[in-house]
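J.: Sharing a structure with you now.
The values are calculated or read from the model by the stated rules, or taken from the named source; none is laboratory data. A quick note: this is a predicted structure, and the numbers were derived from the prediction, not measured. Cβ: placed from backbone, ideal geometry, glycine included. Neighbour counts: every protein chain shown. Quick note on the areas: whole protein, heavy atoms, side chains included, nothing else; ligands and nucleic acids left out. Shrake-Rupley method; radii C 1.70, N 1.55, O 1.52, S 1.80 Å.
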Amino acid sequence: MASSTYEIDPTQTLDPFKSLKKLPLEEYFTSGHRTCQGCESALVMKMMVKAAGPRTIVLGSTGCMYVANTTYYSTSWVVPWMHTQLGSSGSAGLGSAAALKVLMRKGKMKKEPINVIAFCGDGGGADMGLGGISAALTHPDYNFLILMYDNESYANTDIQLSGSTPWGAHTTFSPPGKVKRIMHHRWKKNMAGMLAAGHPTCKYVSTICMSYGLLGMNCIRKALTIGGPTFIHSLDPCPKGWDYDPYISHDLGELAVTTGVWPLYEVENGTVRLLGKTKEIADGRYKRGPVRDYLLKQGRFAHFTNDDIEYFQSKVDDMWNKWLVPGVIPMAKEVEADAPPSA
Ligand SMILES: Cc1ncc(C[n+]2csc(CCOP(=O)(O)OP(=O)(O)O)c2C)c(N)n1
Ligand code: SF4
Ligand SMILES: [Mg+2]
């Protein structure tokens with residue numbers, strides 16, 4: 001695999017894990033956290049750092065994955081971890097990577113590959129910290145990964161809607177009422193696609209869902225091996241915010257992918273690849289399920305009528321049938337029947 005740009009020896013090779021049975025047994029995010037039962041974001045933290053290994057620094061912006069994981073005098077992090085301000089994952093990742101590089105260049109630290117992972121929630125990443133992430137991804141000389149764990153709300157402060165909340169969802173900012181049923185009219189931001197399309201210096205972007213854990217961990221290993229800057233967007237079912245029995249967290253992640261709501265893909269140095277079940281759907285080897293199966297398992301969509309479900313379905317169908325690359329690039333190519341001859 002490619003070495004990092006630290007010019008260090010030995011190079012880091014985080015080869016893909018071959019199977020779940022061959023995963024290392026060591027845990028670097030362990031007991032001691034207070035996330036809800038069935039919290040997929042906690043699982044993302046655990047698998048993220050298992051994929052990265054012990055030579056890793058994690059920087060986490062405010063949100064559930066800060067507050068619930070670092071109760072006073074206890075933490076579940078085994079690797080070095082630092083809190084950063086809610087909108088600061090971009091600057092924290094870039095600054096830490098730059099500091100490591102300088103310390104190694106000046107001989108104040110042993111030269112070795114050290115993974116820098118800055119994580120943020122959807123509120124901290126897709127809304128508040130978007131400018132900082134965008135700026136960080138324009139720096140090709142530093143090695144860091146920004147991972148956005150997306151539970152589709154500002155969960156830690158009691159489920160307010162974010163730019164990542166799906167259309168129509170019940171949140172504390174969009175409670176359905178008798179007069180007005182749908183209180184949230186905006187479509188979820190296409191965060192990973194936006195960052196991939198807008199930042200040619202970003203060497204790797206992918207979407208993951210830890211219901212497909214091996215794939216998710218291997219995307220993280222690939223991002224860390226490529227170096228940086230890199231970005232990963234993870235969709236994480238959240239029993240509290242999505243209002244369902246924690247028992248079905250894993251199933252909901254699978255349904256998000258198999259209904260086509262959450263396409264899995266990677267963009268590596270400008271090349272797009274659909275991944276896993278998403279590729280099977282695109283190739284016609286797997287039939288995309290109806291979004292109804294995904295939506296109606298969640299209390300946040302319990303107020304949906306058949307018309308609402310049909311509208312949601314039509315938007316997902318558009319993504320699959322009209323986008324230049326399904327789930328990635330929302331622009332459609334215009335086919336001009338009477339195109340003027342070129343001059
Ligand atoms: C500048 C700033 N504004 C508001 C807050 C309050 N706050 C703390 S956590 C949080 C929610 C963050 O949402 P998200 O990034 O999606 O993470 P989640 O809680 O969903 O894990 C908010 C609004 C804060 N800490 N800092
Ligand atoms: S509110 Fe959601 S994201 Fe936060 S700890 Fe609970 S399940 Fe996890
Ligand atoms: Mg959130």
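J.: Kindly indicate the residue of the range 169-183 that is away from ligand 2 (no atom under 14 Å from the Cβ) and within 30 Å of N69 (Cα to Cα) and also surrounded by the fewest Cβ atoms within 10 Å (Cβ to Cβ) among those meeting that condition.
T.: P175
J.: Further question: Could you please find all residues in the range 44-98 being assigned to a loop (DSSP other than H, G, I, E, B), touching a residue at least 24 places away in the same chain (Cβ under 8 Å), under 25 Å from D158 (Cβ atoms) and away from ligand 2 (no atom under 14 Å from the Cβ)?
T.: Selection gives S74, T75, Q85, L86, G87, S88.
J.: Moving to a separate point now. Determine, yes or no, whether G131 is open to solvent by less than 30 Å² (accessible area, probe 1.4 Å), in a helix (DSSP H, G or I) and modelled with pLDDT of 95 or more.
T.: Against the criterion (open to solvent by less than 30 Å² (accessible area, probe 1.4 Å), in a helix (DSSP H, G or I) and modelled with pLDDT of 95 or more), G131 does not qualify.
J.: I would also like to ask the following. Here are L161, L147: which of them is open to solvent by less than 40 Å² (accessible area, probe 1.4 Å) and free of Cβ contacts under 8 Å to residues at least 24 places away in the same chain?
T.: On inspection, the qualifying residue turns out to be L161.
J.: Another question about this same structure. Tally time: how many residues in the range 196-242 are part of a helix (DSSP H, G or I), closer than 26 Å to C36 by Cβ and aliphatic (A, V, I, L, M)?
T.: 5
J.: For the range 243-257, name all the residues that are among the charged types (D, E, K, R) and not in a loop (DSSP other than H, G, I, E, B).
T.: D251, E254
J.: Considering the range 38-50 alone, what residues qualify as being away from ligand 1 (no atom under 16 Å from the Cβ) and either more than 20 Å from A92 (Cβ to Cβ) or open to solvent by 40 Å² or more (accessible area, probe 1.4 Å) (or both)?
T.: Listed by number, the residues that qualify are M47, K50.
J.: Which of the residues spanning the range 136-165 are under 17 Å from A192 (Cβ atoms) and away from ligand 2 (no atom under 15 Å from the Cβ)?
T.: Scanning the range 136-165 gives A136, L137, T138, F144, L145, I146, G163.
J.: Applying the selection to the range 67-86, what residues are surrounded by fewer than 21 Cβ atoms within 10 Å (Cβ to Cβ) and of a type outside the set (A, V, I, L, M, F, W, C)?
T.: T70, T71, Y72, Y73, S74, T75, P80, H83, Q85
J.: If you go through the range 13-32 one residue at a time, how many are open to solvent by 80 Å² or more (accessible area, probe 1.4 Å) and either of a type in the set (S, T, Y) or not in a loop (DSSP other than H, G, I, E, B) (or both)?
T.: Matching residues across the range 13-32 total 4.
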